[in-house]
Amino acid sequence: MTTPNPADAGSGEIIAETTLPRPPRLTDPARAAKARLGDRVFRGVAVGSGAFIVALIASIGVFLLWRAIPALARNRENFFTYGGNWITTDTSAMHFGIAELLQVTVFVSVFALLLAMPVALGVAIYLTAYAPRRAVAPLSYLVDLLAAVPSIIYGVWGLYVLAPWLRPVALWLNDHLGGVFLFATGNASVAGGGTVFTGGMVLAVMILPIIAAVAREVFVQTPQGQIEAALALGATRWEVVRTTVLPFGRSGFISGAMLGLGRALGETIALLIILRGTQKAFGWSLFDGGFTFAAKIAATASEFNDQYKAGAYIAAGLVLFVLTFVVNAAARATIAAGNRR
């Protein structure tokens, strides 16, 4: 292909121009067929994976319900309102309910969440806005390592190390606020250390890395243009965090807290070790004992050799299964609401 050079138009010379080879056409039938096949395979794998997960979760729920129905049929109490002792010795007339289990589970989980959220927020803000760049990665790894500690280690540490440290604080709260809601109890259970107060402290440490990690990942995605605009207007570092980072990452922080709550609801061994240290029944006090859903099921595993006794605890597990779904759905709704804004 040749074209006249305007600069040499007067001389009448024609200069040949080199033309780059054309790229292969996207409409090539073989290539288009291969692309369509790849799309179909990827779509099939993605849809199949999603359907498999949904079917697996549904099958777990159906299995739990199937195993729980025979025991519920022989229960002589209201399963949702009865909170007394579980009496499953006579499988023809059993007495069990989830009222106290639900109260303890929600109470200790919410208490742990209230303790962990401010600390996790502070950790995330420090790592994203204040920490030196060289220290961000090591500190992040250090916080994340808290999630790698086994639950049984947390339980032993909480009962034999943390509880003695907290005893003076617990005794002071019990002496001065003993007649107030959340603190009304006797000194005997406080001295033992196996209380909701200690369990909530340990559980807060366990869920803190989850909340901090999610919040940190959301905060670092704050648009750099908004941060630079705030700095250009003379905002201080804290004002930048308050006016740009926190509004942008609010939904992510809340969803991380909901994920932490879901983790707290299902914690088993650590709370089993701590809460079984006192026999005081739960009475809406931080210094009471009791059992959560998971701890109760783990503590009575020796009774699983009978289908009706096991079915009673499987029914409780089904409630925990549904409760966890509700918490995760709330987290998803929070994320969706934040994205719409």
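The values are calculated or read from the model by the stated rules, or taken from the named source; none is laboratory data. Small disclaimer: the values here were computed from a predicted structure and weren't measured. Every residue, glycine among them, receives a Cβ derived from its backbone with ideal geometry; neighbour counts consider all protein chains shown. Areas reflect the complete protein model, heavy atoms only, side chains present, ligands, DNA and RNA absent. Shrake-Rupley method; radii C 1.70, N 1.55, O 1.52, S 1.80 Å.
Worth a mention:
- Filtered residue count, region 305-336, keeping only those that are open to solvent by 60 Å² or more (accessible area, probe 1.4 Å), among the polar types (S, T, N, Q) and in contact (Cβ under 8 Å) with a residue 12 or more places away in the chain: 2
- Residue in region 98-105 that is surrounded by 18 or more Cβ atoms within 10 Å (Cβ to Cβ), closer than 26 Å to residue 295 by Cα and of a type in the set (D, E, K, R) present: yes
- Residue satisfying condition, being without any contact (Cβ under 8 Å) to a residue 60 or more places away in the chain, assigned to a loop (DSSP other than H, G, I, E, B) and farther than 30 Å from residue 236 by Cβ, within set 91, 81: 81
- Residue 243 vs. criteria in a helix (DSSP H, G or I) and surrounded by fewer than 22 Cβ atoms within 10 Å (Cβ to Cβ): yes
- Boolean, residue 193 is surrounded by 16 or more Cβ atoms within 10 Å (Cβ to Cβ) and modelled with pLDDT under 85: yes
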